[in-house]
Number of protein chains: 2
Amino acid sequence: MSLSEFDLIQTYFSDLGVSRSDVLLGVGDDCALLQVPEGRQLAVSIDTLVSGRHFLPDVDPESLGHKALAVNLSDLAAMGADPAWVTLALSLPEVDSVWLEAFARGFSALAVRAGVALVGGDTTRGRLSITVQAHGFVDRQRVMRRDGARPGDLIYLSGWLGDAALALLARRGIDVGLADLSPFYRRLDWPEPRLDLSAAVRGIASAAIDISDGLVADLGHICKAGGVSAAIQLDRLPLSAAVYGYVQKTGDWAVPLAGGDDYELCITVSPEREKELEAAVSHLSTKLHRIGVIEEGEGVRCRLPNGSRLENDVKGYDHFA
Amino acid sequence: MSLSEFDLIQTYFSDLGVSRSDVLLGVGDDCALLQVPEGRQLAVSIDTLVSGRHFLPDVDPESLGHKALAVNLSDLAAMGADPAWVTLALSLPEVDSVWLEAFARGFSALAVRAGVALVGGDTTRGRLSITVQAHGFVDRQRVMRRDGARPGDLIYLSGWLGDAALALLARRGIDVGLADLSPFYRRLDWPEPRLDLSAAVRGIASAAIDISDGLVADLGHICKAGGVSAAIQLDRLPLSAAVYGYVQKTGDWAVPLAGGDDYELCITVSPEREKELEAAVSHLSTKLHRIGVIEEGEGVRCRLPNGSRLENDVKGYDHFA
């Protein structure tokens, strides 16, 4: 069956996500028409996943649909935004209806859970590549920017850290010493945007970021934006037994510190508001772990359990490094 | 020089376009934060240009930067929206500073003229591909949708039609009988979004679309959305002498009717408002030409100057045809 570009979008993507009354006109015209609630601001995030770079060409299309949306919703979570609308630009080598149905299924299931509507898209022939732009709403008083951390603020991280990086190593053929890898592949392929956590801590946290490029790199962004430094206690990191065991065996702290792909939230909070923060998240299944403190200076310092400083120069995954 | 992804966005793209007071937070955080004016609605459009499909790999990067933005601003023009913000997702095989500077120059020059700010972006390594999402504001009473055309409405087109298609044929090595192709390449590589025309006719036009896929295909979208048909008089099409000569010589009406890439606006207007429309556009350098009429039924019919119907089944360029 030969489908035109127009049919392609209509067939697979017109019913994605939920119906929303603030979508005045969705897929099918030159533009979508959208209504931002009065008194709220629009938060916008865009991310591209490229085949061979962010995922393998033979990846399960259902998980790819999920992940392409999840990484953008994670950016909204890091900002303290309520998700509303998404657009999807999909580049495909060919029209494969089985692949497209599975991709749409994974994308839509998360869209429905997060309450977002797909409002526009573009489909082109080319190497497999997916660009999603997510739109959400924030309140001026509750927005979580990167630049709000102050010396003395406590650093919290939602857990777990490094499971996705371990799965990535295993997928590259490295023996990570695990019999059952499926829960780790699930963390890599089906990341869960921390929207519930974001809704609970916004208005309390002084800064926030999501861990997509690795803890050291992303916490480094908070430090740079705020003109501060961070001291992390490595024995306080929320590590699964598998990641802990791997680090013990190999001494390779890059898995939890630079692995990325976890899409956990790292937030900072003034010490006066620590109790308020812990009460706000006590009912959530996603747990926060206090891992360090913001200080004067610049950069991210990691302390080993014995008190010495980790000397490895751990950096986040960088597309052009 | 090896640039990190972060540096890349900061270096080339943080000063693109104009500064706007409704951009509360631009490039550099997890999300951009934006303020839509009270009482106005948000119009959103997304388009991808892929190397080898929408342009040749050795295309002038300055014109590519211009065109990537222009095709999205053209969608805003077709909706009657005032441009405000854009995001840019760029996939690049390598970091080439000369190429990036030229691309940014072309993008920014149009952004400044259109009064838009770049508010976010993502840069990944991969085959050259550019996705731009444009955001604008519309008034509910003045929005131009595709579905508003009614039988009896007059069809207008801004000119000229087919120049870009002629240039595309020439670039593919076909002799189009022209000594100087430069004005035609300019129409193909440097399309001008019809924002001035859009601002003049919104509130008067009953429907509008931009001609990106060819007149017959795009007018067909207006017909389908409105449940109407269209009758075009081919002798009324705004054709340059070169396109007219090519059609006379070859009989190939596909150049003006299906060529696409012109990014002119096709609008419909109720006959009672014809005078109002013509007065509204009289001061513009972009001219409107009345080319036909909306009727009952479905589809687009083209009448030759001798009154007979064009039999060729002309279709727009379709990525998956």
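The values are calculated or read from the model by the stated rules, or taken from the named source; none is laboratory data. For clarity, every value in this text was computed on a predicted model and none was experimentally measured. Please note: Cβ atoms are built from the backbone with ideal geometry, for glycine as well, and neighbour counts cover all protein chains shown. Keep in mind that these areas ignore ligands, DNA and RNA; they rest on the heavy atoms of the full protein, side chains included. Shrake-Rupley method; radii C 1.70, N 1.55, O 1.52, S 1.80 Å.
Things to note:
- Entry remark, segment A:24-52: residues being closer than 26 Å to B:Gly26 by Cβ and either charged (D, E, K, R) or touching a strand residue (DSSP E or B) at 6+ places or on another chain (Cβ under 8 Å) (or both) number 20 in total.
- The residues listed here are B:Leu154, B:Leu169, B:Leu118; of these, the one that is out of contact with any Lys or Arg (no Cβ under 7 Å at 6 or more places or on another chain) and either away from chain A (no Cβ under 14 Å) or surrounded by fewer than 23 Cβ atoms within 10 Å (Cβ to Cβ) (or both) is B:Leu169.
- Count of segment B:86-103 residues which are open to solvent by 10 Å² or more (accessible area, probe 1.4 Å), touching a residue at least 60 places away in the same chain (Cβ under 8 Å) and either away from chain A (no Cβ under 14 Å) or part of a strand (DSSP E or B) (or both): 1
- Which listed residue is more than 19 Å from A:Glu62 (Cα to Cα) and not basic (Lys, Arg), from A:Asp189, A:Asp147: A:Asp147
- Of the residues making up segment B:170-189, those that are over 14 Å from the mean Cα position of the chain (by Cα), under 24 Å from B:Gly106 (Cα atoms) and among the hydrophobic types (A, V, I, L, M, F, W, C) are B:Ala170, B:Leu181, B:Phe184.
- When each of A:Ala111, A:Ala78 is tested for being within 30 Å of A:Gly297 (Cα to Cα) and in a helix (DSSP H, G or I), the lone residue that passes is A:Ala78.
- A:Arg142 satisfies every condition listed in (1) away from chain B (no Cβ under 14 Å); (2) over 14 Å from A:Tyr12 (Cβ atoms); (3) surrounded by fewer than 23 Cβ atoms within 10 Å (Cβ to Cβ) except (1).
- Selection count where residues are of a type in the set (Val, Ile, Thr) and within 24 Å of B:Pro57 (Cβ to Cβ), scope segment A:96-133: 4
- The single condition among (1) under 23 Å from the mean Cα position of the chain (by Cα); (2) under 18 Å from A:Ser158 (Cβ atoms) that A:Lys224 does not satisfy is (2).
- Of the strands (runs of 3 or more DSSP E) lying entirely inside segment A:114-171, those containing at least 3 residues that are within 27 Å of B:Gln35 (Cα to Cα) are A:117-125, A:129-138.
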